[in-house]
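What follows is a short report on a single structure.
The numbers here are math on the coordinates, done by the rules we state, and not lab data. Bear in mind that the values here come from a model prediction, so they are computed numbers and not experimental data. When we count neighbours, we look across all protein chains shown, and the Cβ atoms used for this are built from the backbone with ideal geometry, even at glycine.
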Amino acid sequence: MAGPAVIALTVLALIAPLVVQNSNAMGCSAPCQLEALSHVPPPDLPGGVRVKLDGGSIFSLNHTFAFANSTVHTIQVLDTFFIGASSGKRYTFKQWTYTGDGSQWDSSPTMTTPPMYADYTTALCNATLNCPFLAEFTVTAPLGCRTTCHLDALTNVQSSDGIVKVRLDGSSVYSLSTTFAFPNGTVHTIQVLNSTFTGATSGARYTWIQWSCTCGVASTTSQTLTTPTMYDNYTVSQRGAFTAQFNKQFQLNLAFTDQQGNSLSPPSSLELVSGSTVVSLTSVSGQWENSLVWTVRNVVWEGALGLELPGQTVDLTAGSISKTIVLKAFPATVKIVDRSKNPVAGVTVTVSFANTTSRAFQTDSQGLIQLGYIPLGSYTAVVTYQGNTICSCSTDASLTNPLVVEVPVGSAPVTVTSVSSIVLLTILGLAVFLVLLAVRVRKPPPPPSIE
């Protein structure tokens, strides 16, 4: 808002030209002069504060402009923020001030002059009239660093294994780790160029994670880091460095056996756990995983969960490996026999496994059904023979194998005992004696005598 004195001066120049001393020039001799000032010390901004006149030519303050009588112009401040080259102080444009009374003339960096019917110069300034205009700045003390601030850009990739390239401000390319020097109060971009590569010495695969900083600035997964406004030194020894972080990965191949070392088919899924990191796998061949010590858990095999022997680990800290994981799986066989213990073919057996699936089988010529390897836990075999259910047998292959079931067919075996001839003769003699004894005992009494 224009100061009262300036407004009055302008109105007076417009409506009362006869009271102006130089009536031919209407307050100023042609041309009219306007002095634009700056309070920035020259050592803090060598060359002075730059302004653009009427959107065209550029001048440095302090400067006295010459304008045709009765014209209006614009003067735009170009250096609206800068760090003092000598003091390190921060200068932020505040307003255009009319120095006659210290009032704000324009809050915008682009000032519109009053109609040029009078001169506005230091030489002609009289109290509040005909005074210059000042490009005024808010000045604050330096923050953290003065004219030049430093930023350490590091990486967790060993230089012997690979060089991480970055592009600064879309232009020059540098190798990490490096320390950048930036003017105080500026903002920059640092873009990682090689986000995936193979280690030259280790053979590891490196994949991009994030930019992180120990300075409290939030991490970003973008390959392009936009720096904070550089008021501080972001270095290891001061506020904290920025690090381009990569995952270091090696290749993993897994095989599976039972506790006797017999090969098993791969599981449908499993988990690798390292600290709070959990990775779920559905493929176990040629997997690239982070260079950590992993624990295997939650193996799902044949529909059963947690079949791994506990405590098995995979160490990927030294390089790619192939590892065998032992599962709690067991071979299972059902055998059907008759009463004579002979195998019975063609018997239907329906088996319900621990994973709740069921399947029907028929015994072969040896009376056998081979169930293959099954998970730890009980299974049920329902044996059906000639339309009758013989048994619904529940067992555990880790405890009983094979499961033997008898069907009611065939004769029970006859037991034959060998007896010596002496024993036979003794038995025969005893039999004859008993017969004779029986006959004698049964002899009728004599008839009674008659006297």
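Values as computed for the structure displayed
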| item | result |
| --- | --- |
| Charged-residue dipole, Cβ positions (Lys, Arg, Asp, Glu), segment 148-248 about Cα centre, Debye nearest 20 | 220 |
| For segment 255-313 versus segment 328-347, the gap between their alpha-carbon centres in whole angstrom | 33 |
| Spatial separation of Cα centroids for segment 175-228 and segment 354-406, in angstrom | 62 |
| Distant-in-sequence amide H partners of ASP79 (H built 1.01 Å from N, under 5 Å) | ARG50 |
| Additional length obtainable on full extension of the chain from THR395 to ALA181, 0.36 nm per residue less Cα span | 69.5 nm |
| Contour minus Cα-Cα distance for GLN104 and THR122 (0.36 nm per residue) | 4.7 nm |
| Full-stretch length increase - LEU309, SER322 - with 0.36 nm per residue and alpha-carbon distance subtracted | 2.9 nm |
| From phi via Karplus (6.51, -1.76, 1.60), per-residue ³J(HN,Hα) for segment 182-194 in Hz, x at Gly/Pro | 10, x, 4, x, 9, 10, 9, 10, 10, 10, 6, 9, 10 |
| Percent RCO, i.e. relative contact order, over segment 260-393, from Cα pairs under 8 Å lying at least 6 residues apart | 18 |
| Two-site FRET efficiency, SER285 against HIS63, from Cβ-Cβ distance with R₀ of 60 Å, rounded to 0.05 | 0.20 |
| Proximal aspartates and glutamates relative to LYS248, as straight alpha-carbon distance under 17 Å, when same-chain residues fewer than 8 apart are discounted | ASP161, GLU289, ASP315 |
| Exposure proxy ranking, count of Cβ atoms within 10 Å, fewest first, for THR201, THR324 | THR201, THR324 |
| Förster radius 60 Å - calculated FRET efficiency between THR384 and ALA255 (Cβ-Cβ, nearest 0.05) | 0.95 |
| Packing rank of 225-234, 175-184, where each peptide gets the mean count of other beta carbons within 10 Å, highest leading | 225-234, 175-184 |
| Estimated FRET transfer efficiency when R0 is 56 angstrom, pair VAL404-THR198 (beta carbons, to 0.05) | 0.45 |
| Long-range HN-HN contacts of PHE361 with modeled amide H, under 5 Å | VAL349, THR350, VAL351 |
| In nm, spacing of pseudo-spin labels at THR224 and ARG359 (7 Å Cα→C-beta vector) | 5.7 |
